[in-house]
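Asks: Right, I'll just put the structure down here and ask away after.
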Amino acid sequence: MELSKKLREAYKACAHQVPGNGPRNIGVLKQAFAEIDAGLESDTYGKGPVIEDFENKMAGVLGKEKAVFFPSGTMAQQIAMRIWCDELSLHKVAYHPLCHLEIHEEDGLKKLHRIESVLLADKNRLITLADVQELGSDVACLLLELPQREIGGELPEFDELVAISDYCREEGIKLHMDGARLFEVLPYYQKTAAEVCQLFDSVYISLYKGVGGIAGAILAGSEPFAKEAFIWKRRHGGDLISLYPYILSADYSFEKRRDRFPAYLNGARELAAMYNGCHGVRTRPLVPVSNMFHVHFPLPKEKIEPVFLAVVEETGVGLTAVVYAVDEESSYFEISIGDNYGTIPKEKLQQAFSLLDEKMEVTLR
């Protein structure tokens with residue numbers, strides 16, 4: 001059997017999976033629906049109490065006038081860019097070279113909306129105020145991702161965000177937040193979601209990442225922005241006849257986890273310290289600023305996969321299901337801390353990391 005597949009299957013079958021909130025199976029939906037009145041009416045094409053009440057609730061959490069539920073973040077963010085470009089009659093936006101719109105959406109922004117992208121900063125670092133100032137006012141919108149996932153979940157300091165926000169408003173540039181992991185960064189900033197979102201003209205949040213719902217997203221902003229977003233969602237076919245399974249699971253999961261994000265950050269920092277204590281292993285960031293980080297190795301994935309396969313087979317602790325190649329000489333994987341981490345006995349973690357350290361020391365020789 002292929003080594004990568006063996007690692008995935010061993011991880012799936014192990015007793016203790018370190019990252020995540022648990023299995024994504026039908027049981028998640030059954031839990032969300034367990035206490036729902038069976039007579040509750042579903043939403044219909046984006047209307048009805050089920051969807052409208054949830055949208056209003058999330059608008060309040062984010063400190064925005066209105067919010068619109070979307071089946072996907074990809075749809076929501078492309079639409080946000082289109083709204084701002086149309087408003088300013090300027091079909092050009094700026095974002096990080098490793099932005100989701102640039103590398104994961106098959107050029108959807110360009111092909112569907114004819115919007116040109118300007119890539120800011122080197123791909124290995126965060127966008128800074130200096131980068132934004134070099135733009136002038138030649139773009140309709142600047143998109144900032146909090147945290148910047150593809151470089152390990154790094155995050156600008158809050159003062160830097162304030163400075164970028166002030167500059168964009170002075171220059172008439174709309175500022176949009178890719179807040180797929182917004183709730184995960186709030187413990188680091190020591191701010192509420194509304195306090196962070198007030199710096200932005202529009203905000204997207206994911207409802208299935210740290211929140212742990214089945215799928216879905218929220219796009220929030222002013223009343224006029226939300227009205228346009230609703231129309232564009234209809235144009236994109238995003239108004240399914242009913243979206244209530246996603247909405248009810250998102251609401252259930254949000255209430256279940258909204259107070260757990262500080263614990264997730266503490267868990268990520270504890271786990272990163274254990275990784276950094278092993279031979280040849282380094283995390284990015286060295287000290288996590290959210291519940292996610294990357295784990296890097298100075299060896300190709302073909303030499304790292306057997307190490308993690310041995311750890312899971314010998315200890316029952318699954319540290320990762322997959323290892324990615326950076327190049328022919330290095331590799332990495334991403335980890336996000338959720339509910340699972342707090343359920344693993346500390347002695348089992350210590351056993352797993354002791355074995356990881358031993359295996360890495362031997363592998364590096």
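A short reminder: the numbers here are calculations on the coordinates, not readings from a lab. The model shown is predicted, which means the values in this text are computed figures rather than measured ones. Backbone-built Cβ (ideal geometry, glycine too); neighbour counts: all protein chains shown.
Asks: Tell me which lysines have Cα within less than 22 Å of Lys303's Cα, excluding those fewer than 8 residues away on the same chain?
Replies: The reachable lysines, counting only those whose Cα sits under 22 Å from Lys303, are Lys5, Lys6, Lys12, Lys359.
Asks: What number does the stretch 43-241 give for Rg over Rh if you use C-alpha atoms and the Kirkwood radius?
Replies: On the Cα set of the stretch 43-241, Rg over Rh gives 0.93.
Asks: Taking θ as phi - 60°, what are the ³J(HN,Hα) couplings along the stretch 93-99 by the Karplus curve (6.51, -1.76, 1.60), each to the nearest whole Hz, with x for Gly and Pro?
Replies: Taking θ as phi minus 60°, the curve returns 10, 10, 6, 5, x, 9, 4 Hz for the stretch 93-99.
Asks: Give a quick list of GluC sites (Glu not before Pro) in the stretch 252-321 that DSSP marks as loop, anything other than H, G, I, E or B, with at most 12 other Cβ atoms within 10 Å. Don't jump to the answer; show the numbers that get you there.
Replies: Working: sites: Glu255, Glu270, Glu302, Glu313, Glu314; in loops: none.
Qualifying residues, ordered by number: none.
Asks: Read phi for every residue in the stretch 141-158 and hand back ³J(HN,Hα) as whole Hz from Karplus 6.51 cos²θ - 1.76 cosθ + 1.60, θ = phi - 60°, with x for Gly and Pro.
Replies: The phi angles translate into 8, 10, 9, 10, 9, 10, x, 7, 4, 6, 10, x, x, 5, 9, x, 5, 5 Hz.
Asks: Counting alpha carbon pairs within less than 8 Å and at least 6 residues apart, what relative contact order, in whole percent, applies to the stretch 143-213? It would help to have the intermediate numbers written out before the result.
Replies: Working: 80 pairs, mean separation 25.0, N = 71.
35 percent.
Asks: Related question: Normalised by the residues of the stretch 43-241, what does the relative contact order come to in percent, with Cα pairs under 8 Å and at least six apart?
Replies: This gives 30 percent for the stretch 43-241.
Asks: Identify which of Thr320, Thr343, Thr128 has the largest mean-square fluctuation in a Gaussian network model of the chain, with springs joining Cα atoms closer than 10 Å.
Replies: The residue that fluctuates most here is Thr343.
Asks: Taking the square root of 5 times each eigenvalue of the Cα gyration tensor, what semi-axes in Å does the equivalent ellipsoid of the chain have, largest first? Walk me through the numbers on the way to the answer.
Replies: Details: eigenvalues 255, 136, 63 Å².
Each semi-axis is the square root of five times an eigenvalue, giving 36, 26, 18 Å.
Asks: Suppose every K and R has +1 on its Cβ and every D and E has -1 on its Cβ; what is the size of the dipole of the stretch 43-241 about the Cα centre, in Debye to the nearest 20? Kindly include the intermediate steps, with their values, before the conclusion.
Replies: Working: 21 positive and 32 negative charges, 141 e Å.
Dipole size: approximately 680 debye.
Asks: How many lysine pairs are close in the stretch 43-241, with Cα atoms under 12 Å apart and the two 8 or more places apart or on different chains? Write down the numbers at each step before the final one.
Replies: On the way: Lys57/Lys66; Lys66/Lys227; Lys92/Lys110; Lys92/Lys174.
Step by step, the pairs that qualify in the stretch 43-241 add up to 4.
Asks: If you don't mind, there's one more thing I want to ask. Can you pull the one-decimal nm distance between simple spin-label points at Gln198 and Ser330, each 7 Å off the Cα toward Cβ?
Replies: 4.0 nm
Asks: Taking square-rooted eigenvalues a ≥ b ≥ c of the alpha carbon gyration tensor, is the stretch 172-233 rounded, prolate or oblate, where a/c under 1.5 means rounded and, failing that, a/b exceeding b/c means prolate? Intermediate values should be presented prior to the final figure.
Replies: Working: a/c = 2.62, a/b = 1.21, b/c = 2.17.
Oblate.
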